[in-house]
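Below you'll find the structure, written out as structure tokens, and then a few comments.
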Amino acid sequence: MTRLISCCVLLVLIVLSGCGSNNVGVSGKVIFSDDGSPLTCGVVHFATDTFQATGTIKEDGTFVMGSFGERDGLPVGTYQVSILGASELLPAEKLEDEKVYSFIDPKWESPLTSDLTITIDKSTSNIVIKVDRNPITKEQFLLQ
């Protein structure tokens, strides 16, 4: 009987070991296209018609993608990419309404306007994404 139990446990372990993730570890850095300085805060978003994943941008501009967990990578495929960049909530007491100013060009906020697609395969490792600064300065934004 103990031999039967041992065989069953071994079979379960073999089956479970074959259920590992096929995700590729994906990390990268978001930098400004004009001077190469890092975007210091934000979120990178990878999406297909059926799947979405995000990575939080750290102070040095780096990110690690996560599908179901924070750092579990992405399945192989082609993704539309968008970035929600560092922004500043401007105080309401100085304005009629609160306004949010983004340091990156608003085109990056949607996969429909970013025109950025990235293909992830088994050889993908470190991705560098160059973004444009917001063409409207904070001062111009406040005057709107």
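Here, each number is a calculation from the coordinates, and none is a lab measurement. Keep in mind that this is a model prediction, so the values were computed, not measured. Counting neighbours? That spans all protein chains shown, and the Cβs are built from the backbone with ideal geometry, glycine included.
Summing Lys, Arg as +1 and Asp, Glu as -1, what charge do residues with Cβ under 12 Å from the Cβ of Arg133 carry, Arg133 excluded?
Numbers: positive: Lys107, Lys130, Lys138; negative: Asp34, Asp35, Asp105, Asp132.
Result for the local shell: -1.
Pull out a ≥ b ≥ c, the square roots of the eigenvalues of the alpha-carbon gyration tensor of the stretch 23-143, then state rounded if a/c is under 1.5, prolate if not and a/b is larger than b/c, and oblate in the remaining case.
prolate
Can you list the residues, at least 5 places off or on another chain, whose amide H is less than 5 Å from the amide H of Leu116, using H built in the peptide plane?
Val81
Between beta-carbons, use under 14 Å as the cut-off and find the net charge around Val30, counting Lys and Arg +1, Asp and Glu -1.
-3
Which whole-Hz ³J(HN,Hα) couplings does the stretch 51-57 yield from phi under the Karplus relation 6.51 cos²θ - 1.76 cosθ + 1.60, θ = phi - 60°, glycine and proline marked x?
After applying 6.51 cos²θ - 1.76 cosθ + 1.60, I find 8, 9, 8, 9, x, 7, 7 Hz.
Which net charge results when you count Lys and Arg as +1 and Asp and Glu as -1 among the other residues whose beta-carbon is under 9 Å from that of Lys107?
Once all neighbours under 9 Å are counted, the net charge is -4.
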